[in-house]
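Undergrad: My questions all concern the structure below.
Each reported figure results from applying straightforward, stated rules to the coordinates on display, with no laboratory input. This one's a predicted model, so the numbers in the text were calculated from it and none came from an experiment. When we count neighbours, we look across all protein chains shown, and the Cβ atoms used for this are built from the backbone with ideal geometry, even at glycine.
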Amino acid sequence: MGRCVVTNVGPTQESDLHVSVYADGEVSQVGSRVELFEEIRRDRRSEGLSIRELAERHKVHRRAVRQALASALPPPRKEYVARPRPATDPWSGVIDAWLIADKDAPRKQRHTARRVWQRLVAEHGATLSEVTVSRYVARRRVELDLVHTEVFIPQTHEPGAEAEVDFGEFYMTIAGQLVKVWMFVMRLSHSGRAFHVAYGTQAQEAFLEGHVLAFQHFGGVPGRIRYDNLKPAVTRILKGRNRDEAERFIALRSHYLLTELIAA
C-alpha cells in the first residue's frame with residue numbers, strides 16, 4: 001500500500017467555536033436534567049458521596065440531589081399561570097405588531113423602546129410609564145427571537161490534550177495523470193502542528209495506519225481525538241449519533257489507551 005508523507009510543523013489558524021448568545025447574555029447550557037441526575041447517581045454509587053458533597057460537586061440544591069437519588073427521572077416542572085400585566089396587556093398586541101414589522105424595516109427606522117412609548121401615548125392615549133414599556137419591549141424582543149447576536153469564541157487547549165483528525169479525498173498529479181487520493185491529517189489543537197499522509201485508498205487499514213504514523217511522528221498520543229469523519233471506523237450507523245465501531249478500531253483505541261474520542 002503506497003503512501004507519501006508530508007509533515008507540517010508550523011502553527012495554523014486556530015478554529016473557532018460557534019455559539020449563539022441572546023440579548024440577556026445567556027448561553028444555552030449543554031446537557032439535560034436527566035443527564036445531571038445520572039451523574040449524581042453514578043457519583044453516589046461509585047464514591048459514596050453524601051448529599052451535601054453531591055450538592056457541592058454538581059452545584060445544585062440538596063433537594064435536587066435527593067430527587068436524583070430517589071428516581072432517575074426528574075419530577076415534572078410545575079406549570080405557572082402567566083401573571084397579568086395590567087399596564088401593558090391592553091397594548092401588547094399593538095407593541096408586538098410594531099416589533100415584528102421592524103424585522104423588514106431598515107435598521108435606523110426600527111422602533112426603540114422610547115419610540116414605542118411615545119407612539120402609545122400620542123396615538124393611543126396610553127397612560128403607562130416609559131420604564132414599563134422598556135421592560136416589556138426588551139422581554140418581547142427576546143421571546144419573538146428578534147434579538148440574536150452571533151459571536152465566535154476562540155478555543156483554548158492544553159498541550160497534548162486534544163487532536164483533530166480528518167480523512168478526506170483530494171486530487172494530485174502523478175506522472176502526468178490526475179489521480180484521486182485520500183489524505184489522513186492529524187492536527188494538534190494546542191500548537192496547530194499537523195501530520196499528513198496520502199493514500200491511494202480509503203480502506204480502514206489506511207485510516208488506522210495513519211493514526212500509528214501520526215503518533216510516531218508526534219512522539220506521543222493526545223488525550224482525546226476529535227473526528228470530522230469517523231466513517232472508516234464504523235461498521236453500522238445506529239439511531240441518533242450512536243455507531244457500531246469496527247473491532248480493529250476499538251483495538252487501536254485500547255492499545256494506545258485513548259481516553260476519549262469525539263465524533264464531530
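Undergrad: Pop out the Kirkwood hydrodynamic radius of the range 89-146 from its pairwise C-alpha distances, inverse of mean 1/r, in Å to one decimal.
TA: 11.5
Undergrad: Could you give me the ³J(HN,Hα) list for the range 194-207, computed from phi with Karplus coefficients 6.51, -1.76, 1.60 and θ = phi - 60°, whole Hz, x at Gly and Pro?
TA: Each residue of the range 194-207 in turn: 10, 10, 10, 8, 9, 10, x, 8, 9, 5, 4, 4, 5, 4 Hz.
Undergrad: Check residue 162: other-chain or 5+ apart residues with amide H under 5 Å from its amide H, H built from backbone geometry?
TA: 189, 190, 223, 224
Undergrad: Sort 40-50, 183-193 for me by packing, meaning the mean count of neighbouring Cβ atoms within 10 Å per residue, highest on top.
TA: Top of the packing list down: 183-193, 40-50.
Undergrad: Also: How much space per residue, in cubic angstrom, does the convex hull of the C-alpha atoms of the range 30-70 take up?
TA: 62
Undergrad: Could you tell me the calculated FRET efficiency between residue 191 and residue 78, based on Cβ-Cβ distance and R0 = 35 angstrom, to the nearest 0.05? Walk me through the intermediate numbers first.
TA: Numbers: r = 50 Å, r/R0 = 1.44.
The calculated FRET efficiency here is 0.10.
Undergrad: I'd like the Karplus ³J(HN,Hα) series for the range 64-74: coefficients 6.51, -1.76, 1.60, θ = phi - 60°, whole numbers in Hz, and an x wherever there's a Gly or Pro.
TA: Coupling constants for the range 64-74: 5, 5, 4, 5, 5, 6, 7, 7, 6, 9, x Hz.
Undergrad: Set the Förster distance to 30 Å, then compute FRET efficiency between residue 144 and residue 35 from the Cβ-Cβ distance, nearest 0.05.
TA: Values: r = 30 Å, r/R0 = 1.00.
For residue 144 and residue 35, the calculated efficiency is 0.50.
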